[in-house]
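To keep things clear, I will list the structure first and then write my remarks on it.
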Amino acid sequence: MDHSLFLLGGSIWLNLVNTRFIHNKQLQDVLMDQTNALHWLETNHLLRLPDSPPGSDSLSQICAELTSLRRICMEALSSLEHQAKLSEDVFISLKERAEQLSIVTVVTSIEGQPSLNYEGKTTVDQVLYRVIRSIFDTLDTYPTDRIRKCEHEECILHFLDTSKSGKRRWCSMEICGNRHKAAEFYAKKRMRNLAPMPTDKA
């Protein structure tokens, strides 16, 4: 699997939504395979370095929790698309989910600079906290119209448009952008081949 897909959303919660994608016209789910799910977690830097890699049972629990949270993220996308804000139902779902987490404050020092941070008590709490935190960070930083679905008709991925122009259309220019260009090229070529040949006038 192409692991570059794991970061196309530009924000952790959109990357979670994008764990469902279309490949060869079939719906794929990263969270249904523990190896791929672990790679997704590692690629998104959701596992703390001091922690041991999650075992099979722990990973199953993480995937189950992420699948549940993904549904809320998808509902959030729908409400942002239709209302340009989180609906009351989605807000309550996020609030309840966040309040279930066990969060601790952590004081660190990097090159002599002290910092106060928050993180989950367990690996599951940490992963879910980071995803939920990313939703609010996105909404605090970007207008909702910068959160978009890829325009390719066969793609279901979403992304955060951080470009200066604000005109990004594809989840990836290398994937869907080039697919669109190729489709346009072949469509024009077919139209030229179907066009009637000019006839000489007497």
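Worth pointing out:
- Whichever residue in the range 154-168 is within 15 Å of the chain's Cα centre (by Cα) and not hydrophobic (A, V, I, L, M, F, W, C) and, among such residues, is nearest to T144 (Cα to Cα): D161
- Condition check for L31: aliphatic (A, V, I, L, M) and farther than 22 Å from E151 by Cα: yes
- Answer residue from the range 42-63, given it is aliphatic (A, V, I, L, M) and not in a loop (DSSP other than H, G, I, E, B) and is nearest to the chain's Cα centre (by Cα) among those: I62
- Pairing residues of the range 119-132 that are closer than 23 Å to N18 by Cα and free of Cβ contacts under 8 Å to residues at least 40 places away in the same chain with residues that are of a type in the set (S, T, N, Q) and outside any helix (DSSP H, G or I), at Cβ distances under 8 Å and at least 6 apart in sequence or on separate chains, gives D125/S102.
- Within the range 162-177, the set of residues being assigned to a loop (DSSP other than H, G, I, E, B) and touching a residue at least 24 places away in the same chain (Cβ under 8 Å) comprises T162, C171, S172.
- Considering residues of the range 1-60 that are β-branched (V, I, T) and without any contact (Cβ under 8 Å) to a residue 40 or more places away in the chain only, the residue surrounded by the most Cβ atoms within 10 Å (Cβ to Cβ): V30
- Pairing each residue of the range 65-86 that is in contact (Cβ under 8 Å) with a residue 40 or more places away in the chain and under 24 Å from L46 (Cβ atoms) with any residue that is surrounded by fewer than 19 Cβ atoms within 10 Å (Cβ to Cβ) and of a type outside the set (A, V, I, L, M, F, W, C), provided the two are 6+ apart or on different chains, yields C-beta distances under 7 Å for L69/R97; L80/T144; L86/S79.
Every number in this text was worked out from the coordinates using simple rules, so none of it is lab data. Note that this is a predicted model, so its numbers are computed, not measured. Neighbour counts run over all protein chains shown; Cβ positions are idealised from the backbone, glycine included.
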